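> Before I ask anything, let me first share the structure, which is written out below as structure tokens.
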Amino acid sequence: VYLRGSSMVLLSALFSECKNSNQDTFEELCNHENGKEILFFLLLSAVIKTLLTIVTFGNPCPGGVFVPALVIGGLMGRAVGFALQLLENEMGDVGFFSQCRSSSSCITPGVYAIVGASAVLGGITRMTVCLVVIMFEVTGGYEYVLPVMVAVMMSKWVADAFGKASIYNDLIHLKGYPHLDNKREYTFSERASDVMTCRDLFVLSTKGNSVDSIESLLSSTTYQGFPVVTSHTEMLVVGFISRDSLVRVMKKCRQHPNVLGNTLCLFSSEVDTNDLFVDLSPYLDKSPIQITEKTPLDRVIEMFRALGIRYLLV
């Protein structure tokens, strides 16, 4: 029932107080006559939302994890707060609830929902101060700063006991994407040449390439990109072109009726020729970062992290 509508509407209902809401969904959440059924459906919705989030987060579906984590935490927190409210109604203001005698509304399930949403999202993303600020901006509940901060820190400590990385870092490692953690310190005594593998060097010259030669190069190698030099004798680097760009251009060339296998492929549009040619200059990175083979590996890693680059030419 609670998962049929929009997640934002559900969060608004979970975070609100009964006296300040006129939504149909929220009026059902405040009905104490069907307390056990509401509690059961809150927990069931949290379980269903958790399973759906697990399935969709690892797939290329636009499901995300930020809002679903808030919904899961809000449902569980609301269930805890609603359960305590039902227990107080059954027991009265005695024992553990003796401090509720001086208050007409001692337990507010909406506050438990805010704390639960913060705890679940903090445990998943490992955010602390940033998450507390986000929750305050979203809910406006500045008076609940202490319980939210405690919940966020406790959830982070518990999550760190199972692993320091957040769910985003784990997904990066699971997908096999290259990633350098900004929080991790690297100390190496090696140079750039010490971690390089010795393989045949393949480069592209600015002239003398054809559609057939580039396709042959792509089929015979597995490199993700190729340096572009002035000529095979001078080897002066003028740029870098990625493999994906070459594959896309070659595919378009084969679909063009006037482009043949012997059609020239040049990396400059300013050439003295009247023949048909393929201009690859728009796909060329004309300012690739270059280093020497004696560059310390620590500096190489710092360049990758600080500049956000994907490749270096040695």
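The values are calculated or read from the model by the stated rules, or taken from the named source; none is laboratory data. Note that the structure is predicted; figures quoted are calculated from it, not measured. Note that we place each Cβ from the backbone using ideal geometry, even for glycine, and neighbour counts take in every protein chain shown. Please note that ligands, DNA and RNA were not included when accessible areas were found on the heavy atoms of the full protein model with its side chains. Shrake-Rupley method; radii C 1.70, N 1.55, O 1.52, S 1.80 Å.
> Looking at V150, V228, V129, which is the one that is within 20 Å of C265 (Cβ to Cβ), modelled with pLDDT of 80 or more and of a type in the set (A, V, I, L, M, F, W, C)? Can you show your working first?
Details: V150 fails: within 20 Å of C265 (Cβ to Cβ); V129 fails: within 20 Å of C265 (Cβ to Cβ).
The unique qualifying residue is V228.
> Suppose we filter R191, R199, R184 for residues that are surrounded by 14 or more Cβ atoms within 10 Å (Cβ to Cβ), under 23 Å from R310 (Cβ atoms) and not hydrophobic (A, V, I, L, M, F, W, C); which single one remains?
R191
> Could you say whether any residue in region 18-35 is at pLDDT 80 or above and either within 32 Å of the chain's Cα centre (by Cα) or outside any loop (DSSP other than H, G, I, E, B) (or both)?
no
> Moving on. Filter region 218-233 down to residues that are closer than 19 Å to S287 by Cβ and not hydroxyl-bearing (S, T, Y) and give me whichever is most open to solvent (accessible area, probe 1.4 Å).
Step one: of region 218-233, the residues closer than 19 Å to S287 by Cβ are 224-230.
Add one more test, that the residue is not hydroxyl-bearing (S, T, Y), and what stays is 224-229.
On the way: Q224: 130, G225: 13, F226: 0, P227: 25, V228: 0, V229: 3 Å².
That would be Q224.
> Take L146 and tell me if it is of a type in the set (A, V, I, L, M, F, W, C), within 30 Å of S16 (Cα to Cα), loosely packed, with under 12 Cβ neighbours inside 10 Å and without any contact (Cβ under 8 Å) to a residue 60 or more places away in the chain.
Yes: the conditions hold for L146.
> Could we say that N258 is open to solvent by 80 Å² or more (accessible area, probe 1.4 Å) and either under 29 Å from the mean Cα position of the chain (by Cα) or touching a residue at least 40 places away in the same chain (Cβ under 8 Å) (or both) here?
In short, no.
> Step by step: first the residues of region 272-308, then only those that are of a type in the set (V, I, T) and open to solvent by 40 Å² or more (accessible area, probe 1.4 Å), then the one that is farthest from S210 (Cα to Cα). Which residue is that?
Taking region 272-308 first, the residues of a type in the set (V, I, T) are 273, 278, 289, 291-292, 295, 300-301.
Narrowing further to those that are open to solvent by 40 Å² or more (accessible area, probe 1.4 Å): 273, 289, 292.
Details: T273: 15, I289: 27, T292: 31 Å.
By that ranking, first place goes to T292.
> On to the next question. Taking region 149-178, which residues are touching a His at 6+ places or on another chain (Cβ under 8 Å) and surrounded by 13 or more Cβ atoms within 10 Å (Cβ to Cβ)?
Hits for region 149-178 are A165, N169, I172.
> Conditions first: (1) in a helix (DSSP H, G or I); (2) under 27 Å from R310 (Cα atoms). F226 passes all but one, so which condition is the exception?
(1)
> Further question on the same structure: Answer yes or no as to whether L70 is in a helix (DSSP H, G or I), at pLDDT 80 or above and over 23 Å from S155 (Cβ atoms).
Taking the combined requirement at face value, the residue does not satisfy it.
> Let me ask something additional. Determine if region 273-291 includes at least one residue that is at pLDDT 85 or above, among the charged types (D, E, K, R) and either closer than 23 Å to P178 by Cβ or in contact with a Lys or Arg (Cβ under 6 Å, 6 or more places away or on another chain) (or both).
Looking for residues that are at pLDDT 85 or above, among the charged types (D, E, K, R) and either closer than 23 Å to P178 by Cβ or in contact with a Lys or Arg (Cβ under 6 Å, 6 or more places away or on another chain) (or both), one finds at least one in region 273-291, hence yes.
> Still on this model: Look through region 234-255, keep the residues that are in a helix (DSSP H, G or I) and of a type in the set (A, V, I, L, M), and return whichever of them is surrounded by the fewest Cβ atoms within 10 Å (Cβ to Cβ).
V247
> Pairs needed: first member in region 66-90, at negative phi; second member anywhere, open to solvent by 10 Å² or more (accessible area, probe 1.4 Å) and not in a helix (DSSP H, G or I); C-beta distance under 8 Å; at least 6 residues apart or different chains.
Hits for this filter: L75/Y2; G81/I107; G81/T108; L84/I107; Q85/I107; E88/C106; E88/I107.
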